Amino acid sequence: MNEIIYPLAVIGGGSAGIGAALAAARLGVETVLIERDGMLGGTAVNAGVSCWEPVAGATGIPFDIYRELEKIPGAAGIYSMGRHCCHPDHNEPPFPGGESIIDPQRNYSDTLLRCGTKGIVADAARVRAQWHGVIFEPEIYAANVQRMLLDTGRVRILLHRTVTAVHKNSIDRIDAVTLDDDTVIRARYWIDACGVLARLAGAECLAGEDAAGEFQEPDAPRKPSSRLNGVTLIFRITPDKQAVVEPLPPDVPESCWWRKDFPVMSCVEYPDGDRNCNMLPLMSGEEYLAPGEDTAWAECRRRVLACWHHLQREYPEFRFFRLQWIAPRIGVRETFRVRCEYMLNENDLLQGISGQTHDDIIAISDHMMDVHGGSRKACGELQQPYGIPYRCLIPCGMSNLLVAGRIAGFSSIAASSCRLSRTMMQLGQAAGSAAALSLETSCRFPEIDIGQLRRSLIDQNVQLF
Ligand SMILES: Cc1cc2nc3c(=O)[nH]c(=O)nc-3n(C[C@H](O)[C@H](O)[C@H](O)COP(=O)(O)OP(=O)(O)OC[C@H]3O[C@@H](n4cnc5c(N)ncnc54)[C@H](O)[C@@H]3O)c2cc1C
């Protein structure tokens, strides 16, 4: 049996796991990072979601990563809005959704504000002036992030490994985990950036819509439901000189695209002129969970092919593009959330940072309440950024485990806003910094000095107000 011992283990190498491992290592912590896939990046790489929508607060590690990518020609760009189906310009061909185009006039700080508009339908001019995002080449991003982690000299990365069992030495402490190759990892502190540790350790998890009574949310339904945000399989198209409608394989009827319900796509230009295509939801969250990932991926692929064929037939400009790549993983917006010492909820989002009274805010965000594939009442733009308390990272009853990522302590409404990649990375940065402090002072995660954690984050350029 192979045994590896580290002060800190981070499980899951997506946005949150990267933020956690990098922050901890930079603060001097020897860290092992365990990732199921063959490349770091998680949803932002392996599911093709290589876009960072505008969001407040992404000033820490996401900015550091952007600065590295900026040095590499063609690795990343800032985009602004192009055409939008809600505001057709009669001098331009119609577009099936929202188009975002590389905008060399913009810089990273232009991507740090979302809130304060009424949204694209009611407030188009302001939205156009204010909303800008980042797009990057996923493989270059993954390689750079890996290099940044290794450059610290303190991170060991294990790819193609999953956690199969958790061993506790008391009710509130994880002692070790077993990986699928029988390696045993022992650590003093753990950061779970995918949810597997919390689940296997027996932490309470929530899934679906929470009832209004659960967190006293004004727009939650009266009764809980199993409804989850929809999933999407991202694809990439590349320009071509010849106009062609690519034929559909015989086993994929055009009718398998659910066009009637979900007619729009978000289409973002890469620096090389390719397009990142996101058909917003391609399948409901419940339909994705039922048959398992492989079956769901195969069905989503059929829908991508059918949808692409339809786009080429109905919108002639797409005949000058070829379908180049379909992401190897489905983009999943929501599965479950871990019950934590505090559950961020709609009231926090509506109060905003000026109305919240928490003294343990470790990240901010301002993304809208954003529901895909259904009509939830709570949906819409926010008027100011809100803060995310440290307690949202502490699973109830655990002393050496933090959760960071979209599985952290959020109500389902809060999760619909809070899940953006850069916000998840900031949660990871806070969790990694908390691990460094805990090691230094030999304390349990719930007992760390919050003032010290916030000062550490501010020293790392994290915007907290
Ligand atoms: C279709 C879609 C479009 C989106 N659009 C945007 C956008 O435009 N802008 C934006 O900012 N955000 C967007 N988001 C949200 C954002 O991409 C995700 O919420 C965010 O990337 C989640 O980061 P994470 O670190 O929590 O999880 P992930 O990125 O999912 O990382 C979890 C990691 O854990 C690994 N893992 C899982 N199980 C195990 C295990 N047992 N052992 C080891 N490793 C494991 C996974 O392989 C993965 O790498 C979108 C999401 C989707 C699905």
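Might you let me know whether the stretch 339-348 holds any residue that is farther than 19 Å from Gln216 by Cβ and either within 16 Å of the ligand (Cβ to nearest atom) or not charged (D, E, K, R) (or both)?
Within the stretch 339-348 (the criterion being farther than 19 Å from Gln216 by Cβ and either within 16 Å of the ligand (Cβ to nearest atom) or not charged (D, E, K, R) (or both)), the answer is no, since none of the residues qualifies.
Which one of these is of a type outside the set (Val, Ile, Thr), buried (at least 18 other Cβ atoms within 10 Å of the Cβ) and assigned to a loop (DSSP other than H, G, I, E, B): Arg391, Arg333?
Residue meeting the stated conditions: Arg333.
Mind checking which residues of the stretch 88-118 are in contact (Cβ under 8 Å) with a residue 60 or more places away in the chain, more than 16 Å from the ligand (Cβ to nearest atom), more than 23 Å from Gln312 (Cβ to Cβ) and not basic (Lys, Arg)?
Gly116, Thr117
Can you tell me which of Asp359, Asp348 is in contact with a helix residue (DSSP H, G or I) (Cβ under 9 Å, 6 or more places away or on another chain) and not in a loop (DSSP other than H, G, I, E, B)?
Asp348
Ile191: over 30 Å from Pro395 (Cα atoms) and either β-branched (Val, Ile, Thr) or assigned by TED's automatic domain parsing to the domain that holds Gly428 (or both), yes or no?
no
Among Asn144, Asn107, which is the only one that is at pLDDT 95 or above and over 24 Å from Gly331 (Cβ atoms)?
Every option except Asn107 fails the conditions.
Taking the conditions exactly as written (within 11 Å of the ligand (Cβ to nearest atom) and either touching a Ser or Thr at 6+ places or on another chain (Cβ under 9 Å) or touching a residue at least 12 places away in the same chain (Cβ under 8 Å) (or both)), does Ala404 satisfy them or not?
yes
With the requirement that a residue be assigned to a loop (DSSP other than H, G, I, E, B) and either touching a Lys or Arg at 6+ places or on another chain (Cβ under 6 Å) or more than 19 Å from Ser365 (Cα to Cα) (or both), what does the stretch 121-139 give you?
Val121, Ala122, Asp123, Glu137, listed by residue number.
Please pick out the residue among Gln351, Gln324 that is under 28 Å from Leu40 (Cβ atoms), surrounded by fewer than 18 Cβ atoms within 10 Å (Cβ to Cβ) and away from the ligand (no atom under 16 Å from the Cβ).
Checking each option against the conditions leaves just Gln324.
Could you list all residues from the stretch 196-209 that are buried (at least 22 other Cβ atoms within 10 Å of the Cβ) and modelled with pLDDT of 95 or more?
Of everything in the stretch 196-209, those that are buried (at least 22 other Cβ atoms within 10 Å of the Cβ) and modelled with pLDDT of 95 or more turn out to be Leu197, Ala198, Ala201.
The values are calculated or read from the model by the stated rules, or taken from the named source; none is laboratory data. Since this is a predicted model, take the numbers as computed values, not measurements. Cβ atoms come from the backbone with ideal geometry, glycine included; neighbour counts cover every protein chain shown.
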